Amino acid sequence: MQPNDAQVVNVYSARHYDADRRLYAAFEDATGVAVRVLPANAEQLLERLRVEGDATEADLIVAADAGNLWRMKEAGLLRNTTTPALEQGVPARLRDPNGAYWGFSKRARVIIYRKDAVQPEEVASFDDLARPRFRSQIVARSSTNVYQLSMLAARIERLGPDNARAWASGVRANFARDPRGNDTDQIKAVAAGEAQATLCNHYYFFRLMRSEDGADREAVSKVGLILPDQAGAGTHVNISGAGVATHAKRPERAVQLLEYLVSDAAQALLAPLNDEFPIRPGVPAAPELAALGAFKEEEVALDALGRRQAEAARIYEEAGWR
Ligand code: FE2
């Protein structure tokens, strides 16, 4: 390794998608700067960066979910960065107010329902999942998952802890089984008739749809996807994002890559490759996402998703949603 090589940028990434590898390759082609990726999950990245301290080789840190990025910021691992290109590329609501992290794609938390058991109007809102109508008909993943924490954190920020507690308790009371598995497992459980509805990040649905396994495509054909709360506060939206490491050895390269990730070129490349939404409205989403139509997004300060994680965890605990 040649740490002082100016033609290199080191990325510590908690995202392991082919789409990201393609993006980095395009960046290498465009700039001649080599991208070296250290993969790990968000938890491992945080720990590794803490241990490495100012000796770290990390220049840019990439992770999904604002809750994860916020924790890295709180641990002092991200440096505040801002440039005109970043400010132009990323809507204000989808970045840290101080520039510690910047969104480069969006994900929505959606409702999946079994088409032969549920009318779409019955699941128009996340509130519906807490109604007695769905007694023993809801499956969900563990509340310790960051997606689940960020979603409740946003509700606490908007409506307060009492509302959040009532919602979590209501959904918990409707569980068909104890939480287990990931978002994909919840969709499959609904398709298999174990429950009538669940909540998941939108891209898991589209991944199953394009799966090479016929059983996955069969499963997804049995369920529908709802972008909830269109008549209310809007659908909960989160980001994948990145920030410059506090102890980056090549901060200018990190900024160059970060600017690239939100550039028109990268956004246009990313849209058809992954199943997330582009970070700004001007870039067309992949056709199957565009087919969902424009939708109203929940308006909550992004850093609230981090600030309220601990409170969200407590409320889930109180509600018995493990
Ligand atoms: Fe995910």
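The values are calculated or read from the model by the stated rules, or taken from the named source; none is laboratory data. Being a predicted model, the structure only gives us computed values, none of them experimental. With ideal geometry, Cβ positions are generated from the backbone for all residues, glycine too; neighbour counts draw on all protein chains shown. Just so you know, the surface numbers come from the protein's heavy atoms only, side chains and all, with ligands and any DNA or RNA stripped out. Shrake-Rupley method; radii C 1.70, N 1.55, O 1.52, S 1.80 Å.
Output wanted: per-residue J couplings in Hz (rounded whole) for segment 197-202, from phi through Karplus 6.51 cos²θ - 1.76 cosθ + 1.60, θ = phi - 60°, x for Gly and Pro.
So the Karplus estimates, Gly and Pro as x, are 7, 8, 10, 7, 6, 4 Hz.
Using only protein heavy atoms and a 1.4 Å probe, report how much of Glu318 is accessible, in Å² to the nearest 10.
Ignoring ligands and nucleic acids, Glu318 comes out at about 110 Å².
Got a sec? What order do Leu273, Leu199 fall in by accessible area at 1.4 Å, biggest, i.e. largest, first?
Values: Leu273 55, Leu199 0 Å².
Output order, biggest surface exposure first: Leu273, Leu199.
Suppose the chain between Lys115 and Glu252 were pulled fully straight at 0.36 nm per residue; how much longer would it get relative to their current alpha carbon spacing?
44.2 nm
Below 8 Å between Cα atoms, with a sequence gap of 6+, how large is the relative contact order for the chain in percent? Please report the intermediate quantities before stating the final value.
Details: 634 pairs, mean separation 95.2, N = 322.
Taking the mean separation of contacting Cα pairs over the length of the chain, I get 30 percent.
Three principal axis extents, largest first, for the C-alpha atoms of segment 90-248, in Å?
If we take the Cα atoms of segment 90-248, the spans are 51, 43, 29 Å.
Averaging sequence separations of C-alpha pairs under 8 Å and six or more residues apart, then dividing by the length of segment 1-111, give the relative contact order as a whole percent.
Relative contact order here is 25 percent.
Just to make sure I understand: if all protein chains stay in place, what is the order of Tyr113, Tyr316 by accessible area at 1.4 Å, largest first?
Per-residue accessible area, sorted high to low, gives Tyr113, Tyr316.
Under the Karplus relation 6.51 cos²θ - 1.76 cosθ + 1.60, θ = phi - 60°, what is the ordered set of whole-Hz ³J(HN,Hα) values for segment 7-16, x standing for Gly and Pro?
9, 10, 9, 9, 10, 9, 10, 9, 10, 10
Could you rank Thr82, Thr184, Thr235 by how accessible they are, 1.4 Å probe, largest area first?
Result of the area sort, largest leading: Thr82, Thr184, Thr235.
HN-Hα J couplings of segment 59-66 from phi, Karplus 6.51/-1.76/1.60, θ = phi - 60°, integer Hz, Gly and Pro as x?
3J(HN,Hα) across segment 59-66, in whole Hz: 9, 10, 10, 10, 7, 8, 6, 4.
Figure the gain on full extension for Glu194 and Arg21 (residue separation times 0.36 nm, minus the Cα-Cα span) and round it to one decimal in nm.
Gain in length upon complete extension: 58.6 nm.
With the full set of protein chains in place, find how many percent of the accessible area of segment 187-322 is carbon and sulfur; take the probe as 1.4 Å.
Roughly 54 percent, rounded to a whole number.
Taking only protein heavy atoms and a 1.4 Å probe, what accessible area per residue, in Å², does the chain have with all protein chains in place?
41
How much solvent-accessible surface does Lys188 expose, in Å² to the nearest 10, with a 1.4 Å probe and all protein chains in place?
Accessible area, nearest 10 Å²: 80 Å².
Give me the distance between the Cα centres of segment 135-198 and segment 256-322, rounded to whole Å.
Using only Cα atoms, the two centres lie 19 Å from each other.
Under 19 Å from a point placed 7 Å out from the Cα of Glu47 along the Cα-to-Cβ direction: which residues of segment 62-78 have their backbone N that close?
62-64, 68-77
With springs only between Cα atoms under 10 Å, which of Asp229, Asp18, Asp127 fluctuates most in a Gaussian network model of the chain?
Taking springs between Cα atoms under 10 Å, the residue moving most is Asp18.
Can you give the accessible area of Trp70, probe radius 1.4 Å, in Å² rounded to 10?
In the full protein context, Trp70 sits at about 40 Å².
Among Ala290, Ala63, Ala168, determine the one that fluctuates most according to a GNM of the chain built with springs between C-alpha atoms less than 10 Å apart.
Per the Cα network of the chain with a 10 Å cutoff, Ala290 tops the list.
With a sphere of radius 9 Å drawn around the Cβ of Lys188, what net charge do the other residues whose Cβ falls strictly inside it have (Lys, Arg +1; Asp, Glu -1)?
-3
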